[in-house]
Each structure stands twice: as C-alpha cells, then as structure tokens.
Amino acid sequence: MILTPPVYQRNMRLIGQSDQGGRPDAVQLMVHRGHAYVGHIFSNGFSVIDVRDPKSPQTVAYIPAPANTWCLHLQTHDDLLLVIHNKNMFAQADMVDEKAYYKGKVAQHAAGTQDWSAGMAVYDISIPAQPRQIGFMPVQGSGLHRIWYTGGRWAYASAMLDGFTDYILITIDMADPAKPVVAGKFWLPGMNAAAGEVPNWPLPQGRFGLHHPIVHGDIAYCAWRDACLAIVDVSDRTAPKLIAHKVWSPPFGGGTHNALPLPKRGLLVVADETVLDHGEDGIKPIWIMNNQVQGNPIPIATCPPPNDRDYHAVGGHFGPHNIHENRPGTFVSEDLIFATYQNAGVRVFDIRDPFRPTEVGACVPPPPARMVDPRPNRAPVLHSADVHVDAAGLVYATDFNAGLSIMEFLG
C-alpha cells in the first residue's frame, strides 16, 4: 500500500503500513520470525502479516474466532502461539458505552447462557504463516484477557471466572502444550463472591480486576486496573501469594495496564491506561518507580505527556495504553521506554535519569481511512493500541482502526 505521511514525527520515521488484509483493527501484536501476529478487537480473530520487508508488509493469514468471541491478545515463543478466547464485550448492546466496560461490573456480563468460547487456544507456528491449532484450555466464565508467556512450563494470564467479581490471576501449566491446564489462582480479597467475600473498595465506579501480569523470576508484577499494582510471589505456581498491594487511585485515575520491572536498575515502569474520551477518567501517567525493595515500590517520576499539540481537542482517548515489555528475543532496554499514547501515537522516553524522564522520539501515524469500530459516536481519530520493538530496533504499532504501522527510531 502507498505510504501515507504521519501527522507528526520527531526522531522517528514511518517506513511501512498495512491494513491487515482489510481488517485494520487490532490490539496486541507479537513479531516473531519475520511475521506479525495481531489480535483483532472488532474483526474477531487474529491475522498474520509477513513483515520481513518492513516497507511492504503482506497479510498472509486470517484465523477467525468462534462466534461472539474476542481474540484480541496473544503471545508467541519458539513454535507456539497462545491466543485468548473471551466473550466479546463490545458486541453487547449494553456495553457500547465505554463507561459500562471500564467502570461497571463486568461479572454481570459474563453470566447467562454461554454462546462464546472461553479459554486459551494453542497454535503451532513452526510454519509462521500457517498457524495450526494443537490445543485448547477451556475455563468456566467469560474467558481470558491477556497472557504472559516467554517459554518453558509456565504461562500466566488474567481470567474472568465464574464466581469472581472481575479478572484474577491464573497460572497455566504448559508441560503439554496440547493440554494446558490451570494450576493456580490468585485474587485480591473481596473478589471471590462465590465464597462470600465482600468487596472493600468503592463501588460501582471502579474496575478492580487484573489486566495482566509481567513475570520476572518468581515475581509477578500485576497491573490491576483501578486497584493499581499487586506484586505477587509465584514461586509456588499452584499457590501464588501477595507480597504488596499499592493503590494510587484516587487521587489519580487508576486503570493500571502494564507493570514492567527493570531488574538491573531496580526500577519499575507502570503505565495507567486512559479509557475515556477528553481526559474524563483523570490523570493517567507512566510512572517510574524505585523498586530496590520489591515489596515497596516508590514513585519517583512520571514520563512527560506529549505537548506538541492539544491532543484533548483532537478527540478520542489521549493518554497511555501500552508499553513495550522487553520480552526475550525483542529489543530489551532499561533506558528507553516505548509507549502508545492512543491519539498521540507512539512515544519514546529516555529514563537514564529516572528522576527526569524525557521524550526523545515520537511518531503519530495518519488517522484511520475508515472506521471499523461498530460502536456509535466514536471519533474518527487515531487510537494507537500496542507497541512492539523487535530485536533489530524496528517499532511496530497497532490501532483500533488504522492498521499496522512500522517505524524506525532514529535516536
């Protein structure tokens, strides 16, 4: 496709674009062996894009999801691709208003007669362009939201299971990839409604549910949405235990989305996701925390928000969504943080001085050529969703409507 110039770029260069085979919507992406795997949010399923020539990416496969099912998050490692199956919440009439999803009681929408697939699918990707399903792990509930898997026996995920108020942490035994099984569970006190636990958090304005963990060694750093940050000991995968729970919402807006440890520097980078238009959900920073005492991370700075234009006036969401998570086999840095900022595109922050992070790169891809988001009254603006930086340093970003963008960071 013809390269459409970016709206703004500084110290970055847009080099490739893809409409993902006519399905330009996506959330999480993984780039593995020259192929990008993107999980769709509205098109239901996932696509594979050959990016070995980053200036001319080619869509080579689309794997549809079962009816009424989300596959918006996925993970790759070696010959395996793990894909979540969850109830498609945005397809429901009572969830088209984002406030109902991000500020409501999700468990109420996971009940009733099940007409969706819930669990985790496992694919063989030894032939990268031809994913072949080899296994499935069913769960009782709405399903999984996001997985962390970097090889070996154990995977970790957020799961909305029957009886719980929101998503909890599960550990997954991958000893036999064709037959993965849930090995352990962890939740914050008050979430196990079926056991009679009573929530001790403000209702109904918050989502006290796990977005996903990032695991380093035996520690899971869990982004727990409006419950902020939970640090969990997973040394016993069958019985995870809480180390610490840190909450900063209120006064800040919550919506914690990523918690990335930088172990060599004793730092933790935590991104709070903006989920409503025009900043209605409050201040959502990317935090830099001192994590030298693992059970007591202390905020020491925040990354500066983009200021090259008034992004609140642009419409849609302005604020962090995802950060590049330093997965093995990708670009790994404890000095540079790559983040998607939704209508402000991709931003790169230098945190060599952790007390004074600075923006050192930016690329705002062009707005969507067409909207595939079926929800009414959505602004036709950029919504950069996920960012992945490969081992060669190329930057890939998905969007809710604008397809895949491939960039170079020139720093």
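What to note about this one:
- A simple spin-label model places pseudo-atoms 7 Å from Cα toward Cβ; at R10 and A195 they are separated by 5.0 nm.
- Segment N377-D78, length gained on full extension (0.36 nm per residue, minus Cα span): 103.5 nm
- For the stretch 170-181, putting each phi into the Karplus relation 6.51 cos²θ - 1.76 cosθ + 1.60 with θ = phi - 60° gives couplings of 10, 9, 10, 7, 9, 3, 10, x, 6, 9, x, 9 Hz, in residue order, rounded to whole numbers and with x for Gly and Pro.
- Ranking of D78, D350 by count of other Cβ atoms within 10 Å, fewest first: D78, D350
- For L80, distant residues with modelled amide H under 5 Å away: I125
- Overall, the anisotropy analysis places the stretch 158-287 in the oblate class: the square-rooted eigenvalues a ≥ b ≥ c of its C-alpha gyration tensor yield a/c not less than 1.5, with a/b not exceeding b/c.
- Residue order, fewest to most beta carbons within 10 Å, for C303, C71: C303, C71
- Entry note, the stretch 8-409: relative contact order of 15 percent, from Cα contacts under 8 Å with a spacing of 6+ residues.
- Cα gyration tensor shape of the chain, rounded if a/c is under 1.5, else prolate or oblate by comparing a/b with b/c: rounded
- Modelled label positions at A392 and D176, each set 7 Å beyond Cα in the direction of Cβ, lie 4.0 nm from each other.
- Cβ-Cβ FRET estimate between D353 and K264, R0 fixed at 22 Å, reported to 0.05: 0.90
- Each of S333, S405 has some number of other Cβ atoms within 10 Å of its Cβ, and from fewest to most they run S333, S405.
- Pairwise label distance in nanometres, Q133 with V293, each label 7 Å out on the Cα-Cβ vector: 4.9
- For the chain, calculated [θ]222 nm from helices alone, where every DSSP H run of n ≥ 4 adds -39500 (n - 2.57): -500 deg cm²/dmol
Just so you know, all these numbers are worked out from the coordinates, no wet-lab data involved. Please read all numbers here as calculations on a predicted model, not as lab measurements. Cβ coordinates were reconstructed from backbone atoms using ideal geometry, including for glycine residues, and neighbour counts include every protein chain displayed.
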